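The structure appears right after this line, and notes come after that.
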Amino acid sequence: MFAAPSPLVYLACAVTDAQEQPNVFSPVTKADWIAKVEADLKGASFDSLGSETAGGIRVEPVYTAEDIAGEGPTGFPGVFPFIRGATPLGGWKIRQEYDDPRPTVCRAMIRRDLGRGVEALWLRLGPRHGCRVLTVDDIDALLDSVDLRTTSVCLEAGSDALVLAAGLVAVAERRKVGADRLEGCFGLDPIGLLAVKGRLEGGMHARLAELKDLGTWCSEHAPSMRAVCVSSEAFHDGGASTVQELAASIAIGVEYLRHLTDAGLSVDAAARQILFTYSISSDFFAQIAKLRAARWLWANIVVAAGGERRAGSMEIHARTSRFTKTQRDPWVNMLRATAECTAAVFGGAQSVATLPFDVMLGPPDELAQRVARNTQVVLREESHLDAVADPAGGSWFVEKLTFDLGRAAWEEFQRIEAGGGIVRALGSGRVVDSVGEVAAKARARIATRKTPIVGVSEFPNLQEDAVERERISVEEIKRLFKESLDSLDLGEHRGKLIAIARTVRADGRKPGDLTDVCIGATLSGADLYSIATVLHRGEPDFHLEPVSQWRQSEAWERLRDRTDRHAVEAGARPTAFLANLGPIPAHKVRSNWTSNLLAAAGVEAITNDGFDDADAVGAAFGESSAGMAVVCGSDQDYERLLAPVVASLKVSGCPLLLVAGRPGEREPALREAGVSDFVFVGADVLQVMRRVLEALGVER
């Protein structure tokens, strides 16, 4: 009997048979595609179909294998240089973030979410930051439903990071959980904090000393905890390009790597102390490529610094972007968050957090929390995105974009390093200025609606029901903090606090000593605020100009806020009469476009089927209650009707008159006749609408 052939034999036979089949299609090169497209464009060039990102990356209209032929190998998922992912298999942790200042509210949210799909936590907390905790008892109560042996916990405590790290370790010891069983990150990020706030309490030297101390302690006692977090959020929320965001985050990572190795850690051990967090915007493919490029850059840096290849695997936590979220029509944020979560997963983040859709309105309600949580659950359980490693791999576009972003970010990173590093680049204002230049261009695109914001600058709904959320008063937070503070005996732990102060000032202290003494103080009951105060004393605060933080939609939302207040005070919204010229097909496009623009500023349009007589337009305006008019019509109707219509409207007492369309050579004459402004695609219509509200008497 003959043995059955192995599967490899079948595969070899299949390949051979396929090679023998005649290829009925002639090979098509990219040049062939370009020639065909240019023939169809009838004189326009193929290059005109491309575009350029804010970071100067050229995006072509079509990609083929030829575009990545000269690029290096991307490897396999889980293998150096980790472009295709840090692990061989797909999958990520659903890590939700919590920052409600009321500990009881946060505790209830954590308890509910852990039972409904959330697997890991990100806590913004501290005595002066996020969820207000003052003692180890407060942290213990906050995490009463959390099994610290199985649940990854990341902290974000600003300048109080070392104190909160000590507090979490103290809670674990209370529960008989060794530090070696903890998983997550303690979140020290002094440079990121400096970029956001422009101020570092206690100075840079003291904060970096804490970073060295905690990093060394973690490496020895808590190998599954990372001491340091590199956050790109300051740059992302400042409107930086993807290239700038990558370069800044890598530069910060290198700075921390230097300090950790200066403390005595090997490059491998130091790299394992750093977690990277990236905000993910709605620019879907660019965000996928951003995470892939980040891993590529970091892996090569770690190896170049003398580390092993495995140590170059970057740990990434991704969060959906605050920058893209709106207050108006916040339901659209669900769609934005879904796209952003998907991009984070495709990009290979090891954990992802989804912001609730009402995040910009106040504390999220239970529905918003549930939708945020279930967005990832659906992506995993129904879309099975965890079953695929590197789902974007093999896409010529994504591969080329990854390499282009990585190279551009590397060049920017080298410029930062050549200037003395990221701290010096921030202090000199070079980074702030370069981000500001990109942000200014982004603001201009928003002002002209070239970057549309659905529900705000495009397709706004003036009749939408407002989504209301409770406001947490500052007085309530102060009261809660005072109650906690009053319950403490501030003199009882004086000796422990003095020991911390002596350790801070000790010339010969070993890395890890400060962390040990802070843990001892928290275990003895010393409050976190007092410990943080001692740690911050001794050096003046470090100051520089921060990266200005903003959101895409906020400029347009301010206009809506103004007109909403006006509607309450005056009893009605500002209204605009649309002087539509000619039949409906002739004016429809400009009329609809204008109505959309007016609504984006909170002005209600009074429309009609159109006029073919100038006097009729003036009479209709006089009968309306509108405070302004906008003429809308075709170019042909403007030739014969625009001048007499403008004259008729002014005779009828129209105080403010706009024309929809480019004025061209007729602008001086039309302005002389009484036209105040012109609105058209590409104009700075945000500024025009600001002037309109001023003219209508809508207060700021």
Quiz item: Which of (1) open to solvent by 100 Å² or more (accessible area, probe 1.4 Å); (2) part of a loop (DSSP other than H, G, I, E, B) does L488 not meet, given it meets every other one?
Solution: (1)
Quiz prompt | First in the range 252-278 and over 16 Å from H205 (Cα atoms) and assigned to a loop (DSSP other than H, G, I, E, B), second anywhere and open to solvent by 10 Å² or more (accessible area, probe 1.4 Å) and among the basic types (K, R), Cβ under 6 Å, 6 or more apart | solution = Q273/R226
Quiz item: Do we have any residue at all in the range 551-558 that's open to solvent by 30 Å² or more (accessible area, probe 1.4 Å) and at pLDDT below 95?
Solution: no
Exercise. Filter the range 126-157 down to residues that are over 19 Å from R111 (Cβ atoms), surrounded by 23 or more Cβ atoms within 10 Å (Cβ to Cβ) and not aliphatic (A, V, I, L, M) and give me whichever is nearest to the chain's Cα centre (by Cα).
Key: E156
Self-check item: Residue under evaluation Q369, criteria (1) part of a helix (DSSP H, G or I); (2) closer than 22 Å to R471 by Cβ; (3) touching a Gly at 6+ places or on another chain (Cβ under 9 Å), criterion not met
Solution: (3)
Practice problem: Considering only residues that are over 25 Å from the mean Cα position of the chain (by Cα) and not in a loop (DSSP other than H, G, I, E, B), look in the range 48-66 and name the one that is surrounded by the most Cβ atoms within 10 Å (Cβ to Cβ). | Solution: L49
Exercise. Please state which of the following conditions C518 fails to meet, knowing it meets all the rest: (1) of a type outside the set (S, T, N, Q); (2) in a helix (DSSP H, G or I); (3) surrounded by fewer than 19 Cβ atoms within 10 Å (Cβ to Cβ).
Key: (3)
Quiz item: Somewhere in the range 212-220, is a residue touching a strand residue (DSSP E or B) at 6+ places or on another chain (Cβ under 8 Å), within 30 Å of E245 (Cβ to Cβ) and among the charged types (D, E, K, R)?
Solution: no
Quiz prompt | Residue list for the range 311-349, restricted to those being over 12 Å from R292 (Cβ atoms), of a type in the set (F, W, Y) and either in a helix (DSSP H, G or I) or within 16 Å of the chain's Cα centre (by Cα) (or both) | solution = F323
Quiz item: Can you tell me which residues in the range 203-233 are open to solvent by 20 Å² or more (accessible area, probe 1.4 Å) and among the basic types (K, R)?
Solution: K212, R226
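Conditions (1) open to solvent by 10 Å² or more (accessible area, probe 1.4 Å); (2) in contact with a Gly (Cβ under 8 Å, 6 or more places away or on another chain); (3) more than 30 Å from I446 (Cβ to Cβ), marked per residue:
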residue: V534; (1), (2), (3): yes, no, yes
residue: P546; (1), (2), (3): yes, yes, no
residue: R560; (1), (2), (3): no, yes, no
residue: I584; (1), (2), (3): yes, yes, yes
residue: T594; (1), (2), (3): no, no, no
Quiz item: Right, V37: outside any loop (DSSP other than H, G, I, E, B), farther than 21 Å from Q376 by Cα, open to solvent by less than 60 Å² (accessible area, probe 1.4 Å) and in contact with a strand residue (DSSP E or B) (Cβ under 9 Å, 6 or more places away or on another chain) or not?
Solution: no
Quiz item: Of all the strands (runs of 3 or more DSSP E) wholly in the range 67-160, which have at least 3 residues that are among the hydrophobic types (A, V, I, L, M, F, W, C) and under 27 Å from L211 (Cβ atoms)?
Solution: 120-126, 152-156
Self-check item: Sole exception among (1) part of a loop (DSSP other than H, G, I, E, B); (2) open to solvent by 20 Å² or more (accessible area, probe 1.4 Å) for G238, by number
Solution: (2)
Self-check item: Every residue from the range 659-696 that is open to solvent by less than 20 Å² (accessible area, probe 1.4 Å), of a type in the set (A, V, I, L, M) and free of Cβ contacts under 8 Å to residues at least 60 places away in the same chain
Solution: V659, L670, V675, V688
Practice problem: Give A195, A161 a once-over and let me know the one that is out of contact with any strand residue (DSSP E or B) (no Cβ under 8 Å at 6 or more places or on another chain), under 19 Å from A234 (Cα atoms) and open to solvent by less than 10 Å² (accessible area, probe 1.4 Å). | Solution: A195
Quiz item: Yes or no: F481 aromatic (F, W, Y), surrounded by 15 or more Cβ atoms within 10 Å (Cβ to Cβ) and at pLDDT 80 or above?
Solution: no
Exercise. Could you grab me the full set of residues in the range 424-441 that are small (G, A, S) and open to solvent by 80 Å² or more (accessible area, probe 1.4 Å)?
Key: S428
Quiz prompt | Counted residues, the range 103-125 - those being open to solvent by less than 40 Å² (accessible area, probe 1.4 Å) and within 25 Å of the chain's Cα centre (by Cα) | solution = 12
Practice problem: State the number of residues belonging to the range 499-539 that are touching a Leu at 6+ places or on another chain (Cβ under 8 Å) and polar (S, T, N, Q). | Solution: 4
Quiz item: Among R471, R502, which is over 34 Å from the mean Cα position of the chain (by Cα) and loosely packed, with under 13 Cβ neighbours inside 10 Å?
Solution: R502
Quiz prompt | Residue among R310, R322 that is more than 25 Å from G75 (Cα to Cα) and either charged (D, E, K, R) or surrounded by fewer than 24 Cβ atoms within 10 Å (Cβ to Cβ) (or both) | solution = R322
Exercise. Give me the pairs, please: first residue somewhere in the range 368-397 and at pLDDT 95 or above, second residue anywhere and polar (S, T, N, Q) and in a helix (DSSP H, G or I), beta-carbon distance under 6 Å, and either six or more positions apart or on two chains.
Key: T375/T338
Self-check item: Index of the failed condition, S45 passing every other in (1) modelled with pLDDT under 90; (2) buried (at least 19 other Cβ atoms within 10 Å of the Cβ); (3) over 18 Å from F397 (Cβ atoms)
Solution: (2)
Quiz prompt | Residue check for M360: under 27 Å from I472 (Cβ atoms), within 16 Å of the chain's Cα centre (by Cα) and part of a helix (DSSP H, G or I) | solution = no
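A quick yes/no check of all residues on (1) within 30 Å of E308 (Cα to Cα); (2) modelled with pLDDT of 90 or more:
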residue	(1), (2)
A35	no, no
G50	no, no
R58	no, yes
P77	yes, yes
F80	yes, yes
L89	yes, no
I94	yes, yes
T104	no, yes
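The values are calculated or read from the model by the stated rules, or taken from the named source; none is laboratory data. The model shown is predicted, which means the values in this text are computed figures rather than measured ones. All Cβ positions, glycine included, derive from the backbone under ideal geometry; neighbour counts span all protein chains shown. Remember, those area values only see protein heavy atoms, side chains included, never the ligands or the DNA or RNA. Shrake-Rupley method; radii C 1.70, N 1.55, O 1.52, S 1.80 Å.
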